[in-house]
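Take a look at the structure below.
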Protein chains: 2
Amino acid sequence: MTQMQTRRSGGRAARRASRAAPVTDELRSIRPGMEGGRYGVLTQEQIETIHEAAIEALETIGLADAPPSGIEHMTRVGVKLGDDGRLRFPRAVVDAALQQAAKEITLCGRDPRHDLLLKGNRVHYGTAGAAVSMVDIDGQNYRDSTVQDLHDAARICDTLDNIHFVQRPMVARDIPDNREMDLNTVYACTSGTFKHVGTSFTEPDYVHSALELLHLIAGGEEAWRARPFVSNSNCFVVPPMKFATEACQVMENCINGGMPVLLLSAGMAGATTPSTIAGAVVQATAECLAGLVYVNAVKPGHPAIFGTWPFGLDLRTGAMTGGSGEQALLSSACAQMHHFYGLPGGAVGGITDAKLPDMQAGWEAMCSNVMAGLSGLNMVYEAAGMHASLLGFCHESLILSDDLIGHALRCVRGIEVTDETLALDQMRQVCLGGPGHYLGTDQTLARMQSDYQYPALGDRTSPKEWAEIGKPNLVAKAIARKEEILSRRAAARFDPEVDAKIRAAFNIHLPA
Amino acid sequence: MTQMQTRRSGGRAARRASRAAPVTDELRSIRPGMEGGRYGVLTQEQIETIHEAAIEALETIGLADAPPSGIEHMTRVGVKLGDDGRLRFPRAVVDAALQQAAKEITLCGRDPRHDLLLKGNRVHYGTAGAAVSMVDIDGQNYRDSTVQDLHDAARICDTLDNIHFVQRPMVARDIPDNREMDLNTVYACTSGTFKHVGTSFTEPDYVHSALELLHLIAGGEEAWRARPFVSNSNCFVVPPMKFATEACQVMENCINGGMPVLLLSAGMAGATTPSTIAGAVVQATAECLAGLVYVNAVKPGHPAIFGTWPFGLDLRTGAMTGGSGEQALLSSACAQMHHFYGLPGGAVGGITDAKLPDMQAGWEAMCSNVMAGLSGLNMVYEAAGMHASLLGFCHESLILSDDLIGHALRCVRGIEVTDETLALDQMRQVCLGGPGHYLGTDQTLARMQSDYQYPALGDRTSPKEWAEIGKPNLVAKAIARKEEILSRRAAARFDPEVDAKIRAAFNIHLPA
């Protein structure tokens, strides 16, 4: 079990040469949209039981607090308004919405190369959240997050292969006006990355301004509507079982503006959902089904991501925890519900309760990320950089998560079993009169890039080599990588003419 | 998505009181032997294809280098000795061994409370390996491992709920004589823990001495044979497809001495097995099936763990890597092969390539540990403390892994779906005229210990609390915990009279 003795021979030189060649996308061992689904925490019977319970909750409990416009939309398709002001959803109405709903969604990037196709078990990882702090890694401090931090996060994401989308992970707390904050959030994210961006809007009215901005970026409304590269992360419910009145109005405006919607139900097990994992999933499912009815009443087939995001709670203290095993189970079960409905869906993974990128951060982020991926979750939100149970975002952790998620994606990819990979012929050649080992064989060399995933910053040196190169520190490597990325001009910055138009129309806080 | 605002009310006081009560074993949310198996990386068809390939390898390639005694045992049951000196295994002979083989194995602890029942999808985590270095965490150095380090590791394991067995994780390099090293390894481990111990023997003859020692510890041969608390981790093959002649003789002596055997095939994908995951699993399976025929030829039904331990290799350098996604897949696939045969089995998880307990260590160790558990692997070896691709062992990392494995075990436990956990009644009460939240309800409080797993050292404080308590460092907490454990007298030390007898018969290096 000690380090393999390798022959210093032609095989090694060949490997070196092969390694030096750039890896084309087709040859990479992992990519966005790999198919998960080999892990299913729930049995089919359990899935159906949860579905039935969700339907019963919708029929008998229903949801309160829909805005008048929502009541109008939903009652029109058969939802019942009770004397208690709650909307109750007959099974047939839910079934009709499930029929109408978009079963495949393309989330566009500003660059089509980054388009994400959400369907089946295709897995994508990205950022998300509303952290209020940045983790200042040098000082080991938590400080208010700024619009520059947000832009930098987008720029970093743009360079990381395994971060597939950039949902706004933190709040620009240096912009006190909510409208300006929302618009600058759009600007900071979209000018930092060519990848798909997700964001929220505080008030319904802001959506119109945001659409103006997006039309400018896209080069007109038609171009925007053809390829909407920003989606609305919408907390349309206040669990348990109440619509978030204003967020619903935001949602209607986004739908009308051609913006895909993430129907986000963010309950907390033991506080705003039942404490049991099954109960939390039932409630999140019921709430998202209500949202699905709503969206399809407004506009049948409008792209809406089924966003069951139940979170864990530390029942001892009542504080949120996102890094637990229970969290990984919650999101894994949700992925199965999405598949049951045949709907593109998302949930959370990758959150840690740790304050810094330490060993705990590693194990917590990996557990939920890999389980979500193996469950075939289409969108793994909050997958990178999220510390302190979502309160803090860390650029260095984001960078390290590119390795972590690459590792998870390699697992999602799974195992190919073919005559070639079974390798009986090779085994025969090697064992019967052959060299007695597989080093440097053509078959081994051919697999070096296509089958194996290599970490960018993760360390694989021997202890001896490690000491010789000065015992590199993982976090220090991430800091250096961050500085290198941020020292370059962001590739995604807008064309100067477009940028000038934007700056003439909006108060953009980032320097030009 | 920010920290939950909790009401400072009676509910909190009740939670506090409930938390103060000690948690009995029945109420713990996790325990050894939880049932995994909801993750299956291979389809049933792929499993059968791998089985067929393994059978073909055994029939057509076979294994070289069996000792004369082994040839005698195996040819007696129908294995064919070829002119090329290789033993080839007809399908019927393999089938007969599969029939005879032990389908359930109890690995005894010195204390029956720690007995492990290996069958089905029951999952256990523990240490293993042959690290040659200790990670000196203070100095960030790798230094030679000693018998005291080994004893301390066993003592630490004895206190950790989620380390279920103690296979010798490192080599006592301060004992140059191999016989003395082997015997002192047995002594250092068994005097440090009441849990089941696994170890290796360098030469066949040493087994007799070890059995003498074990009889003394047990209180006689009969007592030893009734409850063998040490098993033999046996590298009976030198992959590809060669018996390890001496190790086979060790194995025969262990079988005759009543010691359970781990049939350990430790190939490296791309070096001593094909580079493909499927090929590596085929070869490991073939080798372990050969071992199974061997064991059951010597003594039908003798407890033998199916130890397919294929390792990953970094094909760019030819160096071993144990922390990759490929490694997690290898072990997960092996678990399915064990279930296919209905045999108790083990493989590796939890290894990291990182040199220190950093974020990389966390994500690498979690990935393979949780996937192995979800696959229902009976014995997850090397699950804790193993750094630098198995070259270094770290006590602090071992301690932190208790949290990491607890987290993985919570995931293995999965989700209970019952009328009670679906919680529709609760949802109804809370939403329809109730408080509108689930905090402090009887149902929530009742689940606090039984459903939720809490970290011992993992941090869940808010950034504010964290700053107030001095920004505790995870590794520093592990160091303090280690010092606290090692400051106490080991509970597992032998009765002084027994110890005196042992010391009279053997040169024991540890101080009395």
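Readers should treat all values here as calculations from the given coordinates under stated rules, not as data from a laboratory. The model shown is predicted, which means the values in this text are computed figures rather than measured ones. All Cβ positions, even for glycine, are placed from backbone atoms using ideal geometry, and neighbour counts span all protein chains on display.
When A:GLY192, A:GLY198, A:GLY220 are checked against the criterion of being more than 30 Å from A:LEU315 (Cα to Cα) and surrounded by fewer than 22 Cβ atoms within 10 Å (Cβ to Cβ), A:GLY220 stands alone in meeting it.
Checking every residue in segment B:130-137 against the condition of being under 16 Å from the mean Cα position of the chain (by Cα) and in contact (Cβ under 8 Å) with a residue 24 or more places away in the chain gives at least one match.
Please pick out the residue among B:ALA372, B:ALA383, B:ALA347 that is under 18 Å from B:GLN167 (Cα atoms), more than 10 Å from every other protein chain (Cβ to nearest Cβ) and either assigned to a loop (DSSP other than H, G, I, E, B) or free of Cβ contacts under 8 Å to residues at least 12 places away in the same chain (or both). If you could, list the steps in order and put the result at the bottom.
Values: B:ALA372 fails: either assigned to a loop (DSSP other than H, G, I, E, B) or free of Cβ contacts under 8 Å to residues at least 12 places away in the same chain (or both); B:ALA347 fails: either assigned to a loop (DSSP other than H, G, I, E, B) or free of Cβ contacts under 8 Å to residues at least 12 places away in the same chain (or both).
So the residue among B:ALA372, B:ALA383, B:ALA347 that is under 18 Å from B:GLN167 (Cα atoms), more than 10 Å from every other protein chain (Cβ to nearest Cβ) and either assigned to a loop (DSSP other than H, G, I, E, B) or free of Cβ contacts under 8 Å to residues at least 12 places away in the same chain (or both) is B:ALA383.
Take the conditions (1) assigned to a helix (DSSP H, G or I); (2) over 20 Å from A:GLY323 (Cβ atoms); (3) without any contact (Cβ under 8 Å) to a residue 60 or more places away in the chain; B:PRO435 misses just one of them, which is (1). Can you find a residue that is assigned to a helix (DSSP H, G or I), more than 24 Å from A:ILE305 (Cα to Cα), touching a residue at least 60 places away in the same chain (Cβ under 8 Å) and within 8 Å of chain B (Cβ to nearest Cβ) anywhere in segment A:388-398? There is at least one residue in segment A:388-398 that is assigned to a helix (DSSP H, G or I), more than 24 Å from A:ILE305 (Cα to Cα), touching a residue at least 60 places away in the same chain (Cβ under 8 Å) and within 8 Å of chain B (Cβ to nearest Cβ). Cβ separations smaller than 9 Å between residues 6+ apart or across chains give the following pairs from segment B:454-474 residues that are touching a residue at least 12 places away in the same chain (Cβ under 8 Å) to residues that are among the polar types (S, T, N, Q) and not in a loop (DSSP other than H, G, I, E, B): B:PRO455/A:GLN360; B:LEU457/A:GLN360; B:GLY458/A:GLN360; B:ASP459/A:GLN360; B:SER462/A:SER389; B:LEU474/A:GLN360.
Checking every residue in segment A:378-385 against the condition of being in contact with an Asp or Glu (Cβ under 9 Å, 6 or more places away or on another chain), surrounded by 24 or more Cβ atoms within 10 Å (Cβ to Cβ) and among the aromatic types (Phe, Trp, Tyr) gives zero matches. Check segment A:425-440 and report whether any residue there is within 30 Å of A:GLY362 (Cα to Cα) and of a type in the set (A, V, I, L, M). Within segment A:425-440 (the criterion being within 30 Å of A:GLY362 (Cα to Cα) and of a type in the set (A, V, I, L, M)), the answer is no, since none of the residues qualifies.
Mind counting the residues in segment A:117-154 that are among the aliphatic types (A, V, I, L, M) and in a strand (DSSP E or B)?
The first filter runs over segment A:117-154 and keeps only residues among the aliphatic types (A, V, I, L, M), leaving A:117-118, A:123, A:128, A:130-132, A:134-135, A:137, A:147, A:150, A:153-154.
Now drop any that are not in a strand (DSSP E or B), which leaves A:117-118, A:123, A:131, A:134-135.
So the answer is 6.
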